[in-house]
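Every number in this text was worked out from the coordinates using simple rules, so none of it is lab data. Keep in mind that this is a model prediction, so the values were computed, not measured. As a convention, Cβ positions derive from the backbone with ideal geometry for all residues, glycine included, and neighbour counts pool all protein chains shown.
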Amino acid sequence: MSHDPSHLTAPREKRPAEKRSATASSRVRPPRLYVYFDAIIRHGSIRSAAKALRIASSALNRRVLDLEEELGTSLFDRLQSGVRLTAAGEAFAAHVRRTLGDLHRFGDQIRELQGLMGGHVGVGAAESAAVDMVPGAVAAFQREHPGVRFTVAVGTPRTMLSDLLDDRVDMILTHERPDHPDVVILAAAPKCFCALMHPAHPLAAHPRLQLRDCQDYPIVLADSALAGRSLIETTLARSSLQFAPVLITNMVEVMKQYVRNSNAICFQFRVGPATEQGGDLVAKPLADPELSKASLMLATRRGRVLPPGAASFCEKLRGLLQETATL
């Protein structure tokens, strides 16, 4: 496999016209020693890395020896076929990768600030929020900032938390409070936890319901990975009620489609109006104390500085949640 080392070499002196034309597109240059160290890891040997970097292998080896002397430990085991990271080398390599990644993202942020806002925004969302809230917010945001691209990942509370902590998404919208010190909740709004049913269902005329009202009808439940299931289980555990669900699934849309074709009842957080689009299902708020306290939370990773596009969209979601909290 061939590698293009041009971005790893020291820059040649540019003429004034070249400097002006390159200003907007130039990337933030990482420490040269980090580039050297990363190249050795990727190529597996000092000789191959030196060739790709277009420097003498003896000079590169000298830089590594100086670094090891400064740190007071070996970073590589020298093998006949190349080099292998020691335990200390693995730790230093993780630091190097994080630093190079941070500098790359910082360069993207600078370019976004210098020109029209662009970039990519990753959102993790509970399925109800992903359907009822996020698409409209994204479309409105892109009308103002058409250069911003989005990824929306529907997930369970556990998978969303993992994606947030590993920076696979910039923010999450969750119904379950993230129990982690590295997560900060930016906004929260109370949301109805509702029973969904066909408009012709005998309970459809009631303005509000309790779980006990639903027990004589077929019940569809989310699986244990979804936040709504834990709320129902908590309520059932504090009462004498028992549900024998006719269907369990990890997808809200599967539950709703089943209810459309049966006399069953399913349960869902509601972000939008009580009646589904097209009037094919109705949603009745549940008045059980544990269920009436449901909320939708916007959270980010503590200490992370979001890129401009993501930070701006995060503020938009915060505003939407604050608006709905006052309704």
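Exposure proxy for LYS284, LYS256, LYS316: other Cβ atoms within 10 Å of each Cβ, ordered fewest to most, give LYS316, LYS256, LYS284.
Can you classify segment 72-210 as rounded, prolate or oblate using the Cα gyration tensor, where a ≥ b ≥ c are the square roots of its eigenvalues, rounded means a/c under 1.5, and otherwise it's prolate if a/b beats b/c and oblate if not?
Numbers: a/c = 3.53, a/b = 1.95, b/c = 1.81.
Note, shape of segment 72-210 comes out prolate.
Counting charges near PRO285 (Lys, Arg +1; Asp, Glu -1) among other residues having Cβ under 13 Å from its Cβ returns a value of +3. Considering segment 192-285 at the alpha-carbon level, its Rg and Dmax are found to be 12.1, 36 Å.
For segment 202-327, calculate the relative contact order in percent as a whole number, restricting contacts to Cα pairs under 8 Å that are 6 or more residues apart. Spell out each step's value before the answer.
Working: 109 pairs, mean separation 36.0, N = 126.
It comes to 29 percent, rounded to a whole number.
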